[in-house]
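The values are calculated or read from the model by the stated rules, or taken from the named source; none is laboratory data. Because the structure is a prediction, the values reported are computed rather than measured. Cβ placement follows ideal geometry from the backbone for every residue including glycine, while neighbour counts extend to all protein chains displayed. For accessibility, only protein heavy atoms count, side chains too; no ligands or nucleic acids. Shrake-Rupley method; radii C 1.70, N 1.55, O 1.52, S 1.80 Å.
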Amino acid sequence: NFAQDEMEMFYKLSEKFYPNLKGKYFLDIGANIGAKSIYFYKKLDPDIQVLAFEPQPLTYKILACNLILNDMLDVVRTENLILGDGKNNADDVKTETLDDYLKANNILNSEIKYIWIDAAGVEAKIILGARYLITHSNVPLIVKFNHKVYVEQEILEPFVEFFNDNYIGYIRMDEAK
C-alpha cells in the first residue's frame, strides 16, 4: 500500500507549516516493505536518515531486502519490534514506547524531522507511547486514522484529546468506501 500522493502532500504541508525543520530522522512506523521509506528518501528529502519500524518478521525481511536492492543500508536503520503504549498487546507481548526507544538509543527529540505512522490499527497506542516526543517537540506527523478500531479499543477519546492538546490544527482525511 504505497502512498505517493499522500507522501508528497505531507512533505509539502510539512515544509509550509514547519519551515524551520532541522531534524535528521524520518520515522516510518509500520514501514511494511519499505516503499514509503525509500520514496521519501530518494524523491522527497535525500538529506534525511530513516528509522523504519516493522514488527512482522517476514515483512521485516522483505524490508531489509528492499533496502539492499535500493542501496540504502547506510541511510536506513531498521527495527523489528512492536511499538505501542508500553502495555501488553493482543498477543500478550509487551510493547515498547517510542519515547523509551528514542531515549535508549540516544536519539534526541530535536533530531526527529518527520513521523509517518501506519500501523494496522495501533496508531493511537503508538501516539500515546510518544507523549514526551510530541509534547516536547514541534514535529510534523501523519497518522492513519482508524475510527472504528479506536472506538473498539476504547482509546478514541484520549487519542483525539491528545491531538487537541498538542497540535494547533490537524487535517483528518477519510477514505470513502
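Would you mind finding the one in Asn70, Asn106 that is loosely packed, with under 13 Cβ neighbours inside 10 Å and polar (S, T, N, Q)?
Among Asn70, Asn106, only Asn106 is loosely packed, with under 13 Cβ neighbours inside 10 Å and polar (S, T, N, Q).
For a quick check of your reading of the model, give me the residue pairs whose first member lies in the range 125-146 and is closer than 13 Å to Asp99 by Cβ, whose second is of a type in the set (Gly, Ala, Ser) and assigned to a helix (DSSP H, G or I), with beta-carbon atoms closer than 8 Å and at least 6 apart or on different chains.
Ser137/Ser110
Looking only at residues that are in a helix (DSSP H, G or I) and open to solvent by 30 Å² or more (accessible area, probe 1.4 Å) in the range 140-155, which one is farthest from Leu21 (Cα to Cα)?
For the range 140-155, the residue satisfying everything is Glu152.
Considering only the range 24-47, state which residues are of a type in the set (A, V, I, L, M, F, W, C) and either more than 22 Å from Glu123 (Cα to Cα) or open to solvent by 10 Å² or more (accessible area, probe 1.4 Å) (or both).
Passing the criteria: Ile33, Ala35, Ile38, Leu44.
In this structure, does Phe10 turn out to be touching a residue at least 60 places away in the same chain (Cβ under 8 Å) and open to solvent by 80 Å² or more (accessible area, probe 1.4 Å)?
Criteria not met by Phe10.
Looking at Tyr132 and the list (1) assigned to a helix (DSSP H, G or I); (2) open to solvent by 10 Å² or more (accessible area, probe 1.4 Å); (3) touching a Gly at 6+ places or on another chain (Cβ under 7 Å); (4) at pLDDT 85 or above, which single condition is not satisfied?
That leaves (3) as the condition not met.
Give just the number: which of (1) modelled with pLDDT of 95 or more; (2) in a loop (DSSP other than H, G, I, E, B) does Phe2 not satisfy?
Here Phe2 meets the rest and fails (1).
Scan (1) free of Cβ contacts under 8 Å to residues at least 60 places away in the same chain; (2) part of a loop (DSSP other than H, G, I, E, B); (3) over 22 Å from Asn109 (Cβ atoms) for the single condition Leu58 breaks and write down its number.
Single failed check for Leu58: (2).
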